[in-house]
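This report concerns only the one structure given below.
The values are calculated or read from the model by the stated rules, or taken from the named source; none is laboratory data. None of these values were measured; they are calculated from a predicted model. Quick reminder, even Gly has a Cβ in these numbers, built from the backbone with ideal geometry, and neighbours come from all protein chains shown. These area figures cover heavy atoms from the full protein model, side chains too; ligands, DNA and RNA do not enter into them. Shrake-Rupley method; radii C 1.70, N 1.55, O 1.52, S 1.80 Å.
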Amino acid sequence: MALRRKQIFAYLVCALGTAVLIAAACFLINCLVDPLWYLRGNVLTGVNYPFNERLSKINRFLPRLRDYDCLILGSSRSTLLPVENFTGHHCVNFALSDGQINEFELYARYLLARGLSPSLLIVDIRREDFIGPMPPPDVPDFIRTGEDPPSIFATYLSLDALDFSIRTLRGDAPHHRYYNQNFDAVLEVRSSKHRYDPTAPIEPMPPPTDVHPERADFYMQLRQLFPSARAIGYLPPESASIIAAFSMTGGLDTYLGAVGRVAAAYDEFLDFAIPSPLTESPEGTYDGSHYSEAVNARIAKALLADDAAPGVDWHRQDEATIVALYHERLRQFLSTVKPAKVTSK
(Lines give C-alpha, C1' and ligand atoms only; values in the text may rest on other atoms or scores of the structure.)
Protein backbone atom coordinates (compact mmCIF):
# COMPACT_ATOMS: atom_id res chain seq x y z
CA MET A 1 0.00 0.00 0.00
CA ALA A 2 2.82 2.37 0.94
CA LEU A 3 4.60 1.51 -2.30
CA ARG A 4 1.44 2.27 -4.25
CA ARG A 5 1.17 5.69 -2.60
CA LYS A 6 4.78 6.45 -3.43
CA GLN A 7 4.16 5.54 -7.07
CA ILE A 8 1.10 7.78 -7.25
CA PHE A 9 3.00 10.62 -5.59
CA ALA A 10 5.91 10.20 -8.01
CA TYR A 11 3.50 10.21 -10.93
CA LEU A 12 1.85 13.42 -9.74
CA VAL A 13 5.21 15.09 -9.19
CA CYS A 14 6.32 14.05 -12.68
CA ALA A 15 3.04 15.25 -14.24
CA LEU A 16 3.26 18.55 -12.39
CA GLY A 17 6.88 19.02 -13.38
CA THR A 18 6.06 18.28 -17.00
CA ALA A 19 3.19 20.77 -16.91
CA VAL A 20 5.46 23.42 -15.41
CA LEU A 21 8.11 22.81 -18.07
CA ILE A 22 5.53 23.03 -20.88
CA ALA A 23 4.07 26.24 -19.42
CA ALA A 24 7.57 27.69 -18.99
CA ALA A 25 8.49 26.80 -22.57
CA CYS A 26 5.23 28.32 -23.83
CA PHE A 27 5.85 31.51 -21.85
CA LEU A 28 9.49 31.74 -23.00
CA ILE A 29 8.63 31.32 -26.69
CA ASN A 30 5.86 33.91 -26.43
CA CYS A 31 8.20 36.36 -24.68
CA LEU A 32 10.85 35.95 -27.38
CA VAL A 33 8.40 36.35 -30.27
CA ASP A 34 6.12 38.73 -28.32
CA PRO A 35 3.15 38.38 -30.70
CA LEU A 36 0.97 40.77 -28.68
CA TRP A 37 3.67 43.41 -28.06
CA TYR A 38 3.98 43.36 -24.28
CA LEU A 39 7.77 43.61 -24.36
CA ARG A 40 10.18 44.70 -27.11
CA GLY A 41 8.54 42.87 -29.98
CA ASN A 42 9.95 39.89 -31.85
CA VAL A 43 13.63 39.60 -30.92
CA LEU A 44 14.10 36.49 -33.08
CA THR A 45 13.24 37.82 -36.56
CA GLY A 46 12.27 41.46 -35.99
CA VAL A 47 8.90 40.94 -37.73
CA ASN A 48 5.80 41.82 -35.70
CA TYR A 49 2.49 40.76 -37.23
CA PRO A 50 -0.74 42.57 -36.33
CA PHE A 51 -2.67 39.56 -35.09
CA ASN A 52 -4.71 41.67 -32.68
CA GLU A 53 -3.93 45.38 -33.01
CA ARG A 54 -6.83 46.27 -30.72
CA LEU A 55 -4.91 44.67 -27.83
CA SER A 56 -1.32 44.86 -29.07
CA LYS A 57 -1.24 48.63 -29.48
CA ILE A 58 -2.57 49.13 -25.97
CA ASN A 59 0.14 46.77 -24.63
CA ARG A 60 2.81 48.61 -26.60
CA PHE A 61 1.88 52.24 -25.99
CA LEU A 62 -0.02 52.38 -22.69
CA PRO A 63 3.06 52.25 -20.38
CA ARG A 64 4.55 55.31 -22.13
CA LEU A 65 1.32 57.08 -23.08
CA ARG A 66 2.16 60.37 -21.38
CA ASP A 67 5.25 60.71 -23.58
CA TYR A 68 3.09 61.38 -26.65
CA ASP A 69 1.62 64.71 -27.75
CA CYS A 70 0.03 63.50 -31.00
CA LEU A 71 -2.65 60.89 -31.64
CA ILE A 72 -3.47 59.20 -34.96
CA LEU A 73 -6.81 57.39 -35.30
CA GLY A 74 -7.99 55.51 -38.35
CA SER A 75 -8.22 52.28 -40.27
CA SER A 76 -5.52 50.04 -41.76
CA ARG A 77 -4.85 52.72 -44.40
CA SER A 78 -3.46 55.12 -41.80
CA THR A 79 -1.42 52.48 -39.98
CA LEU A 80 1.10 53.15 -42.75
CA LEU A 81 1.52 56.84 -41.84
CA PRO A 82 5.15 57.19 -40.68
CA VAL A 83 5.08 58.92 -37.30
CA GLU A 84 8.63 60.23 -37.70
CA ASN A 85 7.42 62.52 -40.50
CA PHE A 86 5.33 64.55 -38.08
CA THR A 87 8.32 66.62 -37.06
CA GLY A 88 7.98 68.55 -33.83
CA HIS A 89 5.57 65.95 -32.44
CA HIS A 90 5.81 62.55 -30.77
CA CYS A 91 2.92 60.65 -32.35
CA VAL A 92 1.23 57.46 -31.25
CA ASN A 93 -0.52 55.67 -34.11
CA PHE A 94 -3.66 53.93 -32.87
CA ALA A 95 -5.02 53.15 -36.34
CA LEU A 96 -6.53 49.65 -36.48
CA SER A 97 -7.16 47.00 -39.10
CA ASP A 98 -10.78 47.40 -40.24
CA GLY A 99 -11.13 50.17 -37.66
CA GLN A 100 -14.36 52.17 -37.73
CA ILE A 101 -15.56 55.38 -36.14
CA ASN A 102 -17.50 53.81 -33.25
CA GLU A 103 -14.24 52.08 -32.25
CA PHE A 104 -12.15 55.25 -32.63
CA GLU A 105 -14.37 57.00 -30.09
CA LEU A 106 -14.10 54.18 -27.55
CA TYR A 107 -10.31 54.14 -27.83
CA ALA A 108 -10.16 57.94 -27.63
CA ARG A 109 -12.15 57.95 -24.39
CA TYR A 110 -10.00 55.17 -22.93
CA LEU A 111 -6.76 56.96 -23.80
CA LEU A 112 -8.03 60.27 -22.44
CA ALA A 113 -8.92 58.58 -19.17
CA ARG A 114 -5.39 57.14 -19.04
CA GLY A 115 -3.75 60.54 -19.30
CA LEU A 116 -3.20 61.17 -23.01
CA SER A 117 -3.46 64.89 -23.78
CA PRO A 118 -2.45 65.45 -27.41
CA SER A 119 -1.83 68.84 -28.94
CA LEU A 120 -2.26 67.29 -32.40
CA LEU A 121 -5.07 64.95 -33.49
CA ILE A 122 -5.03 63.25 -36.91
CA VAL A 123 -8.10 61.34 -38.04
CA ASP A 124 -8.44 59.14 -41.13
CA ILE A 125 -12.03 59.58 -42.33
CA ARG A 126 -13.21 56.15 -43.45
CA ARG A 127 -15.61 56.26 -46.44
CA GLU A 128 -17.06 52.87 -45.54
CA ASP A 129 -18.37 54.31 -42.26
CA PHE A 130 -20.98 56.23 -44.24
CA ILE A 131 -22.17 53.30 -46.35
CA GLY A 132 -24.40 50.36 -45.49
CA PRO A 133 -25.03 48.96 -42.01
CA MET A 134 -22.68 49.99 -39.21
CA PRO A 135 -21.22 46.88 -37.51
CA PRO A 136 -21.00 46.95 -33.72
CA PRO A 137 -17.58 47.96 -32.37
CA ASP A 138 -15.10 45.11 -32.03
CA VAL A 139 -12.96 46.13 -29.06
CA PRO A 140 -11.66 44.31 -25.97
CA ASP A 141 -13.95 44.45 -22.93
CA PHE A 142 -11.39 46.43 -20.93
CA ILE A 143 -11.62 49.28 -23.44
CA ARG A 144 -15.34 49.57 -22.69
CA THR A 145 -14.96 49.28 -18.91
CA GLY A 146 -11.81 51.38 -18.56
CA GLU A 147 -9.93 48.61 -16.77
CA ASP A 148 -6.31 47.50 -17.24
CA PRO A 149 -5.51 45.17 -20.15
CA PRO A 150 -4.91 41.49 -19.31
CA SER A 151 -1.51 40.77 -17.77
CA ILE A 152 1.35 39.29 -19.73
CA PHE A 153 1.24 36.15 -17.57
CA ALA A 154 -2.42 35.42 -18.28
CA THR A 155 -1.89 36.04 -21.99
CA TYR A 156 1.49 34.42 -22.65
CA LEU A 157 0.68 31.23 -20.78
CA SER A 158 -2.14 30.61 -23.26
CA LEU A 159 -2.12 28.40 -26.35
CA ASP A 160 -3.75 31.19 -28.38
CA ALA A 161 -0.66 33.36 -27.94
CA LEU A 162 1.58 30.38 -28.68
CA ASP A 163 -0.31 29.86 -31.93
CA PHE A 164 0.42 33.50 -32.86
CA SER A 165 4.11 32.94 -32.08
CA ILE A 166 4.28 29.82 -34.23
CA ARG A 167 2.51 31.60 -37.08
CA THR A 168 4.99 34.46 -36.79
CA LEU A 169 7.98 32.14 -37.04
CA ARG A 170 6.36 30.40 -40.05
CA GLY A 171 5.73 33.77 -41.76
CA ASP A 172 1.97 33.20 -41.70
CA ALA A 173 0.85 36.84 -41.77
CA PRO A 174 -2.78 37.87 -41.16
CA HIS A 175 -2.54 40.94 -43.43
CA HIS A 176 -0.51 42.42 -46.27
CA ARG A 177 1.61 44.37 -43.81
CA TYR A 178 3.71 43.89 -40.71
CA TYR A 179 5.48 46.04 -38.14
CA ASN A 180 9.26 46.23 -38.01
CA GLN A 181 11.51 46.38 -34.92
CA ASN A 182 10.58 50.04 -34.42
CA PHE A 183 6.89 49.16 -34.76
CA ASP A 184 6.55 51.08 -38.01
CA ALA A 185 4.07 49.50 -40.41
CA VAL A 186 5.52 48.03 -43.61
CA LEU A 187 3.45 47.03 -46.63
CA GLU A 188 4.15 43.45 -47.70
CA VAL A 189 2.20 42.28 -50.73
CA ARG A 190 1.71 38.54 -50.42
CA SER A 191 -0.33 37.83 -53.55
CA SER A 192 -1.58 39.46 -56.76
CA LYS A 193 -5.18 38.40 -56.20
CA HIS A 194 -6.53 41.94 -55.69
CA ARG A 195 -3.98 43.79 -57.78
CA TYR A 196 -5.23 47.22 -58.85
CA ASP A 197 -5.60 47.62 -62.61
CA PRO A 198 -6.75 51.15 -63.58
CA THR A 199 -7.55 50.02 -67.14
CA ALA A 200 -9.99 47.29 -66.07
CA PRO A 201 -13.70 47.83 -66.82
CA ILE A 202 -15.56 49.47 -63.94
CA GLU A 203 -18.97 48.40 -62.72
CA PRO A 204 -21.13 49.94 -59.98
CA MET A 205 -20.09 49.01 -56.47
CA PRO A 206 -22.15 46.06 -55.22
CA PRO A 207 -24.67 46.51 -52.36
CA PRO A 208 -24.96 47.69 -49.72
CA THR A 209 -24.59 51.18 -51.15
CA ASP A 210 -27.05 53.20 -49.05
CA VAL A 211 -25.35 56.34 -47.74
CA HIS A 212 -25.85 57.55 -44.16
CA PRO A 213 -24.83 61.23 -43.98
CA GLU A 214 -25.95 61.44 -40.34
CA ARG A 215 -22.85 59.46 -39.36
CA ALA A 216 -20.82 62.61 -39.87
CA ASP A 217 -21.92 63.36 -36.30
CA PHE A 218 -19.64 60.58 -35.02
CA TYR A 219 -16.54 62.20 -36.51
CA MET A 220 -17.62 65.60 -35.22
CA GLN A 221 -18.10 64.18 -31.72
CA LEU A 222 -14.65 62.57 -31.91
CA ARG A 223 -13.09 65.93 -32.64
CA GLN A 224 -14.95 67.49 -29.68
CA LEU A 225 -13.27 65.03 -27.30
CA PHE A 226 -10.00 66.94 -27.89
CA PRO A 227 -11.06 70.61 -27.79
CA SER A 228 -7.55 71.99 -27.22
CA ALA A 229 -5.85 69.91 -29.94
CA ARG A 230 -5.15 71.00 -33.48
CA ALA A 231 -7.40 68.57 -35.35
CA ILE A 232 -6.53 67.42 -38.86
CA GLY A 233 -8.97 65.24 -40.75
CA TYR A 234 -8.18 63.63 -44.06
CA LEU A 235 -9.53 61.27 -46.67
CA PRO A 236 -6.76 58.75 -47.45
CA PRO A 237 -6.13 57.91 -51.10
CA GLU A 238 -8.33 55.34 -52.77
CA SER A 239 -7.96 54.33 -56.40
CA ALA A 240 -9.90 56.29 -58.99
CA SER A 241 -11.54 53.00 -59.95
CA ILE A 242 -12.96 52.52 -56.45
CA ILE A 243 -14.31 56.07 -56.32
CA ALA A 244 -15.73 55.69 -59.83
CA ALA A 245 -17.49 52.44 -58.91
CA PHE A 246 -18.96 54.14 -55.84
CA SER A 247 -20.10 57.16 -57.89
CA MET A 248 -22.07 54.83 -60.18
CA THR A 249 -24.36 53.96 -57.25
CA GLY A 250 -25.66 57.53 -57.13
CA GLY A 251 -24.49 58.15 -53.57
CA LEU A 252 -21.39 60.26 -54.20
CA ASP A 253 -22.97 63.70 -53.73
CA THR A 254 -24.72 62.68 -50.51
CA TYR A 255 -21.48 61.25 -49.18
CA LEU A 256 -19.53 64.38 -50.08
CA GLY A 257 -22.16 66.46 -48.32
CA ALA A 258 -21.45 64.47 -45.16
CA VAL A 259 -17.71 64.94 -45.67
CA GLY A 260 -18.31 68.68 -45.89
CA ARG A 261 -19.93 68.65 -42.44
CA VAL A 262 -16.98 66.72 -40.99
CA ALA A 263 -14.48 69.03 -42.67
CA ALA A 264 -16.09 72.09 -41.09
CA ALA A 265 -15.52 70.62 -37.60
CA TYR A 266 -11.77 70.14 -38.08
CA ASP A 267 -9.03 72.77 -38.15
CA GLU A 268 -7.69 71.33 -41.40
CA PHE A 269 -9.20 68.84 -43.80
CA LEU A 270 -7.37 67.40 -46.80
CA ASP A 271 -8.81 65.06 -49.42
CA PHE A 272 -6.47 62.61 -51.17
CA ALA A 273 -9.30 60.34 -52.38
CA ILE A 274 -10.39 62.63 -55.20
CA PRO A 275 -9.22 61.20 -58.57
CA SER A 276 -5.72 62.43 -59.33
CA PRO A 277 -2.53 61.16 -60.97
CA LEU A 278 -1.75 59.50 -57.62
CA THR A 279 -4.96 57.45 -57.48
CA GLU A 280 -5.25 56.79 -61.19
CA SER A 281 -1.85 55.11 -61.32
CA PRO A 282 -1.17 51.55 -60.11
CA GLU A 283 2.15 52.73 -58.70
CA GLY A 284 2.30 52.94 -54.92
CA THR A 285 -0.59 50.57 -54.22
CA TYR A 286 -1.32 46.90 -54.63
CA ASP A 287 -5.09 46.95 -54.20
CA GLY A 288 -6.13 50.56 -54.77
CA SER A 289 -6.94 50.95 -51.08
CA HIS A 290 -3.64 50.63 -49.21
CA TYR A 291 -0.76 52.81 -50.34
CA SER A 292 2.97 52.38 -49.86
CA GLU A 293 5.13 53.82 -47.12
CA ALA A 294 6.56 56.32 -49.63
CA VAL A 295 3.09 57.62 -50.54
CA ASN A 296 2.11 57.84 -46.88
CA ALA A 297 5.32 59.71 -46.10
CA ARG A 298 4.22 62.34 -48.65
CA ILE A 299 0.78 62.45 -47.07
CA ALA A 300 2.20 62.88 -43.57
CA LYS A 301 4.27 65.85 -44.71
CA ALA A 302 1.28 67.28 -46.55
CA LEU A 303 -0.92 66.99 -43.46
CA LEU A 304 1.60 68.84 -41.34
CA ALA A 305 2.16 71.51 -44.02
CA ASP A 306 -1.59 71.84 -44.81
CA ASP A 307 -0.79 71.14 -48.49
CA ALA A 308 -3.36 68.92 -50.21
CA ALA A 309 -1.66 68.50 -53.60
CA PRO A 310 -2.52 66.43 -55.59
CA GLY A 311 -5.78 66.32 -53.64
CA VAL A 312 -7.98 69.18 -52.46
CA ASP A 313 -8.29 71.27 -49.31
CA TRP A 314 -11.87 71.45 -48.07
CA HIS A 315 -11.12 74.71 -46.23
CA ARG A 316 -9.80 76.50 -49.31
CA GLN A 317 -12.57 75.54 -51.72
CA ASP A 318 -16.30 75.42 -51.09
CA GLU A 319 -18.28 72.20 -51.16
CA ALA A 320 -19.99 72.87 -54.49
CA THR A 321 -16.63 73.48 -56.19
CA ILE A 322 -15.16 70.26 -54.77
CA VAL A 323 -18.20 68.19 -55.76
CA ALA A 324 -17.98 69.57 -59.29
CA LEU A 325 -14.25 68.82 -59.35
CA TYR A 326 -14.94 65.21 -58.29
CA HIS A 327 -17.36 64.76 -61.17
CA GLU A 328 -15.04 66.39 -63.70
CA ARG A 329 -12.04 64.28 -62.69
CA LEU A 330 -14.18 61.14 -62.70
CA ARG A 331 -15.41 61.99 -66.20
CA GLN A 332 -11.84 62.41 -67.39
CA PHE A 333 -10.73 59.17 -65.75
CA LEU A 334 -13.65 57.12 -67.07
CA SER A 335 -12.92 58.32 -70.60
CA THR A 336 -9.66 56.34 -70.41
CA VAL A 337 -11.29 53.11 -69.13
CA LYS A 338 -12.91 50.39 -71.21
CA PRO A 339 -16.68 50.19 -70.64
CA ALA A 340 -17.92 47.20 -68.68
CA LYS A 341 -19.49 44.44 -70.73
CA VAL A 342 -23.27 44.42 -70.68
CA THR A 343 -24.69 40.93 -70.27
CA SER A 344 -28.17 40.16 -71.52
CA LYS A 345 -30.67 38.69 -69.05
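Residue 95 versus (1) under 13 Å from the mean Cα position of the chain (by Cα); (2) among the hydrophobic types (A, V, I, L, M, F, W, C); (3) farther than 25 Å from residue 292 by Cβ: which is the lone unmet condition?
(3)
Please enumerate the residues belonging to the range 63-83 that are in a helix (DSSP H, G or I), surrounded by fewer than 20 Cβ atoms within 10 Å (Cβ to Cβ) and touching a residue at least 60 places away in the same chain (Cβ under 8 Å).
The one that is in a helix (DSSP H, G or I), surrounded by fewer than 20 Cβ atoms within 10 Å (Cβ to Cβ) and touching a residue at least 60 places away in the same chain (Cβ under 8 Å): 83.
Suppose we filter 40, 4, 60 for residues that are of a type in the set (D, E, K, R), surrounded by 16 or more Cβ atoms within 10 Å (Cβ to Cβ) and either at negative phi or in a helix (DSSP H, G or I) (or both); which single one remains? Step through it out loud before you land on a result.
Numbers: 40 fails: surrounded by 16 or more Cβ atoms within 10 Å (Cβ to Cβ); 4 fails: surrounded by 16 or more Cβ atoms within 10 Å (Cβ to Cβ).
Of the residues listed, the single one that is of a type in the set (D, E, K, R), surrounded by 16 or more Cβ atoms within 10 Å (Cβ to Cβ) and either at negative phi or in a helix (DSSP H, G or I) (or both) is 60.
Examine the range 215-236 for a residue that is closer than 15 Å to residue 287 by Cβ, touching a residue at least 24 places away in the same chain (Cβ under 8 Å) and touching a Leu at 6+ places or on another chain (Cβ under 7 Å), and state whether such a residue exists. Spell out the reasoning first.
The initial filter retains those residues of the range 215-236 that are closer than 15 Å to residue 287 by Cβ, namely 236.
Right, trim to touching a residue at least 24 places away in the same chain (Cβ under 8 Å) and you get 236.
Then drop every residue that is not touching a Leu at 6+ places or on another chain (Cβ under 7 Å), which leaves none.
Within the range 215-236, none of the residues are closer than 15 Å to residue 287 by Cβ, touching a residue at least 24 places away in the same chain (Cβ under 8 Å) and touching a Leu at 6+ places or on another chain (Cβ under 7 Å).
Confirm whether residue 45 is in contact with a Ser or Thr (Cβ under 9 Å, 6 or more places away or on another chain) and either of a type in the set (Gly, Ala, Ser) or at negative phi (or both).
It is true that residue 45 is in contact with a Ser or Thr (Cβ under 9 Å, 6 or more places away or on another chain) and either of a type in the set (Gly, Ala, Ser) or at negative phi (or both).
Any residue in the range 113-127 that is of a type outside the set (Gly, Ala, Ser), in a helix (DSSP H, G or I) and out of contact with any Phe, Trp or Tyr (no Cβ under 8 Å at 6 or more places or on another chain)?
Taking every residue of the range 113-127 in turn, none turns out to be of a type outside the set (Gly, Ala, Ser), in a helix (DSSP H, G or I) and out of contact with any Phe, Trp or Tyr (no Cβ under 8 Å at 6 or more places or on another chain).
Kindly indicate the residue of the range 144-157 that is aliphatic (A, V, I, L, M) and in contact (Cβ under 8 Å) with a residue 60 or more places away in the chain and also most open to solvent (accessible area, probe 1.4 Å) among those meeting that condition.
Per the stated criteria, the residue is 157.
Quickly run through the range 43-57 and pick out the residues that are small (Gly, Ala, Ser) and not in a loop (DSSP other than H, G, I, E, B).
Hit for the range 43-57 is 56, nothing else.
Conditions first: (1) touching a Ser or Thr at 6+ places or on another chain (Cβ under 9 Å); (2) open to solvent by 10 Å² or more (accessible area, probe 1.4 Å); (3) assigned to a loop (DSSP other than H, G, I, E, B). Residue 315 passes all but one, so which condition is the exception?
Result: residue 315 fails condition (1) only.
Can you name the residue in the range 285-298 that is in a helix (DSSP H, G or I) and in contact with a helix residue (DSSP H, G or I) (Cβ under 9 Å, 6 or more places away or on another chain) and is also surrounded by the most Cβ atoms within 10 Å (Cβ to Cβ) among such residues?
Only one residue fits best here, namely 296.
Can you tell me how many residues in the range 108-141 are farther than 30 Å from residue 209 by Cα and either more than 20 Å from the chain's Cα centre (by Cα) or acidic (Asp, Glu) (or both)?
Summing the residues that are farther than 30 Å from residue 209 by Cα and either more than 20 Å from the chain's Cα centre (by Cα) or acidic (Asp, Glu) (or both) in the range 108-141 gives 6.
Anything in the range 93-143 that is within 29 Å of residue 238 (Cα to Cα), surrounded by fewer than 18 Cβ atoms within 10 Å (Cβ to Cβ) and hydroxyl-bearing (Ser, Thr, Tyr)? List them, or say none.
Correct list: 97, 119.
Looking at residue 27, is it among the hydrophobic types (A, V, I, L, M, F, W, C), buried (at least 19 other Cβ atoms within 10 Å of the Cβ) and in a helix (DSSP H, G or I)?
Against the criterion (among the hydrophobic types (A, V, I, L, M, F, W, C), buried (at least 19 other Cβ atoms within 10 Å of the Cβ) and in a helix (DSSP H, G or I)), residue 27 does not qualify.
Out of the range 43-57, which residues are surrounded by fewer than 20 Cβ atoms within 10 Å (Cβ to Cβ) and touching a strand residue (DSSP E or B) at 6+ places or on another chain (Cβ under 7 Å)?
Of everything in the range 43-57, just one residue is surrounded by fewer than 20 Cβ atoms within 10 Å (Cβ to Cβ) and touching a strand residue (DSSP E or B) at 6+ places or on another chain (Cβ under 7 Å), namely 47.
Which is open to solvent by 10 Å² or more (accessible area, probe 1.4 Å) and in contact with a helix residue (DSSP H, G or I) (Cβ under 6 Å, 6 or more places away or on another chain), of 310, 282?
None of the other options fit; the residue is 310.
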